[in-house]
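J.: Here it is, the structure, as structure tokens.
The values are calculated or read from the model by the stated rules, or taken from the named source; none is laboratory data. This one's a predicted model, so the numbers in the text were calculated from it and none came from an experiment. Reconstructed Cβ throughout: ideal geometry from the backbone, glycine too, with neighbour counts over all protein chains shown. When the accessible area is computed, the model is the full protein with side chains, heavy atoms only, and any ligands, DNA or RNA have been set aside. Shrake-Rupley method; radii C 1.70, N 1.55, O 1.52, S 1.80 Å.
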Amino acid sequence: MSKVCEYYFAPQSPWSYFGHARLIELAKRYEVQIDMKPIDLSQLYNAAGGLPLAKRPPQRQAYRLVELRRWSEHLGVPLNPQPKFPPLSGDAAAKLIIAAKLTHGTDAALALTGQIMQAFWTADRNIMDSATLIALANEVGYDGAALSKASETAAVQKTYEQFTSEAIAANVFGVPWYVVDGEPFWGQDRLEFVEAAFKK
């Protein structure tokens, strides 16, 4: 049986975006199964003592912009560090991703996640808007309207809450967060260590 990588993330997180495609590539290379779990960052921060971006001290907000530009250049991954629509909530996008996972499987949901992240961080598209999310799902070959409807069901909401509860119980305090063989790794800058864990 292949290894499993638990992948906790938020679709509105630039750090999740930076690591997303690289994680998929590593998982394919080492035949690792990704168990993707989009979570509610606001609940996570409440449980773990984190602060949403708008409430962080100005020094930290300023340095975050430096780091975003630095990592974008280092990875060759385009990103607008100050998008038109502030990343206030990823709830609607996360639930659409869960609906895709439940309906079409993990690979489909990973592809949709990448499309959503890229649209938000490079094209100034509002991923808090249902029409935009429907269009993004259509663009990767799925029935966006059907997925949007599914994303509003009790089953999807329950799964979203379950993933968030699992993250809190696992002492997750930021995203992206990867778990391999019970070992946690926080941040896309830890993917080198994640790869080493895949090789074991």
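J.: Could you work out what % of the accessible surface of the chain is carbon and sulfur, using a 1.4 angstrom probe and leaving DNA, RNA and ligands out of the count?
T.: 52 percent
J.: I've got another one for you. If you line up the Cα atoms of region 1-84 on their principal axes, what length do they span on each, largest first, in Å?
T.: Cα extents, longest axis first: 47, 33, 20 Å.
J.: On to the next question. With Cβ to Cβ distances under 14 Å as the rule, what net charge do the other residues near Lys84 carry (K, R +1; D, E -1)?
T.: Net of charged neighbours comes to -1.
J.: For every helix of n ≥ 4 consecutive DSSP H residues, a contribution of -39,500 (n - 2.57) applies; sum these over the chain, divide by its total residues, and give [θ] at 222 nm rounded to the nearest 500 deg cm²/dmol. Present the calculation step by step, with values, prior to reporting the outcome.
T.: Details: 9 runs with 117 residues, N = 200.
Helices in the chain give a 222 nm mean residue ellipticity of -18500 deg cm²/dmol.
J.: Now a separate question. Around Ile127, what is the net charge, scoring Lys/Arg as +1 and Asp/Glu as -1 over all other residues with Cβ under 15 Å from its Cβ?
T.: Around Ile127, the charge tally is -2.
J.: Another question, then. How long, wide and thick is the chain, going by the Cα atoms along their three principal axes, in whole angstroms, largest first?
T.: Largest to smallest, the principal-axis extents are 44, 40, 34 Å.
J.: What trypsin sites (Lys or Arg not before Pro) does region 75-174 have in DSSP loop regions with at most 16 other beta carbons within 10 Å?
T.: Sites meeting the loop and neighbour criteria: Lys84.
J.: Rg to Rh for region 110-200: what is it, with Cα atoms only and Rh by Kirkwood?
T.: Numbers: Rg = 16.0 Å, Rh = 15.4 Å.
Dividing the radius of gyration by the Kirkwood radius yields 1.04.
J.: Restricting to Cα atoms and excluding each atom paired with itself, what does the Kirkwood estimate give for region 57-138 in Å? Intermediate values should be presented prior to the final figure.
T.: Working: mean 1/r = 0.0727 Å⁻¹.
It is 13.8 Å.
J.: Provide the net charge surrounding Asp107, with neighbours chosen by a C-beta distance below 11 Å and charges set as Lys +1, Arg +1, Asp -1, Glu -1.
T.: +2
J.: Per residue, how much accessible area does region 97-198 show when a 1.4 Å probe rolls over the protein heavy atoms, in square angstrom?
T.: 45 Å²
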